[in-house]
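Participant: Submitted below is the structure of interest, expressed as structure tokens.
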Amino acid sequence: MNTTIRHETAVDITDIREVVHGAFGRPGEADLVDALRQAGALTVSAVADLGGRIVGHLAFSPITIGERHAALALAPVAVDPECQRQEIGTALIRWGLDECRSLEHRIVIVLGSPTYYRRFGFTPASQFGIACPFPAPEKHFMMLELFPGAAAGCGGSVRYRPEFDLV
């Protein structure tokens, strides 16, 4: 059965919460998605639909780098534990990054596994003078230029939306 990646709809919200909570084993990330949605701060919110069942979700929300550079945070990415290791997360991320490019966003920041996110072109944000605002291993705080040269002149600490304090 094929997985369809698409924008979330209102009927998906309960299923999204269940998938995100299940993937992380705690409510914080699901609370984050709900709070971003309520604040109108989900720039892109997509689901993986497997035969009418929501099995994955990802969210992009606005952040600021330094004083003035707009970017997006990729967080969270969640796949139902029963469906992990089936390339659903990869499909979600590729679809989401293409959607962000089509909306002409320029930079995406993620905190995660370098081994996993390198396959999408993410590199350590520190190479661009971009700093994580909280304690995290430098190699896990990464960025992706959606267009060549997008990070030129960019630098400083990332400021996340206040909803991220829920995690």
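The values are calculated or read from the model by the stated rules, or taken from the named source; none is laboratory data. If you're wondering where the values come from, they're calculated on a predicted model, not measured in any experiment. With ideal geometry, Cβ positions are generated from the backbone for all residues, glycine too; neighbour counts draw on all protein chains shown.
Participant: Mind listing whichever residues of segment 57-67 are buried (at least 18 other Cβ atoms within 10 Å of the Cβ) and in contact (Cβ under 8 Å) with a residue 60 or more places away in the chain?
Facilitator: First, pick out the residues of segment 57-67 that are buried (at least 18 other Cβ atoms within 10 Å of the Cβ): 57-61, 63, 65.
Scanning segment 57-67 gives 61, 63, 65.
Participant: Considering only segment 37-57, I want to know if a residue exists there that is part of a helix (DSSP H, G or I) and not hydroxyl-bearing (Ser, Thr, Tyr). It would help to see each step written out before you state the result.
Facilitator: Of segment 37-57, the ones part of a helix (DSSP H, G or I) are 37-38.
Among the residues that remain, those that are also not hydroxyl-bearing (Ser, Thr, Tyr) are: 37-38.
There is at least one residue in segment 37-57 that is part of a helix (DSSP H, G or I) and not hydroxyl-bearing (Ser, Thr, Tyr).
Participant: Go over the candidates 40, 89, 66 one by one and state the one that is modelled with pLDDT under 95 and out of contact with any Leu (no Cβ under 6 Å at 6 or more places or on another chain).
Facilitator: On the way: 40 fails: modelled with pLDDT under 95; 89 fails: modelled with pLDDT under 95.
Just one listed residue meets the conditions, 66.
Participant: From 70, 75, which residue is surrounded by fewer than 18 Cβ atoms within 10 Å (Cβ to Cβ), touching a strand residue (DSSP E or B) at 6+ places or on another chain (Cβ under 8 Å) and under 30 Å from residue 155 (Cβ atoms)?
Facilitator: Working: 75 fails: surrounded by fewer than 18 Cβ atoms within 10 Å (Cβ to Cβ).
Result of the check over 70, 75: 70.
Participant: Here is a further query. Please go through segment 129-166 and give me each residue that is within 24 Å of residue 40 (Cα to Cα) and in contact with an Asp or Glu (Cβ under 7 Å, 6 or more places away or on another chain), ordered by number.
Facilitator: If the condition is that a residue be within 24 Å of residue 40 (Cα to Cα) and in contact with an Asp or Glu (Cβ under 7 Å, 6 or more places away or on another chain), then 166 is the only one that fits.
Participant: Are any of the residues in segment 91-103 out of contact with any Ser or Thr (no Cβ under 8 Å at 6 or more places or on another chain) and not in a helix (DSSP H, G or I)? Give the derivation first.
Facilitator: So the first thing to find is which residues in segment 91-103 are out of contact with any Ser or Thr (no Cβ under 8 Å at 6 or more places or on another chain), and the list is 92-99, 101-102.
Going one step further and asking which of them are not in a helix (DSSP H, G or I), we end up with none.
No, the conditions are met nowhere in segment 91-103.
Participant: Kindly establish whether residue 124 is free of Cβ contacts under 8 Å to residues at least 24 places away in the same chain and within 26 Å of residue 27 (Cα to Cα).
Facilitator: no
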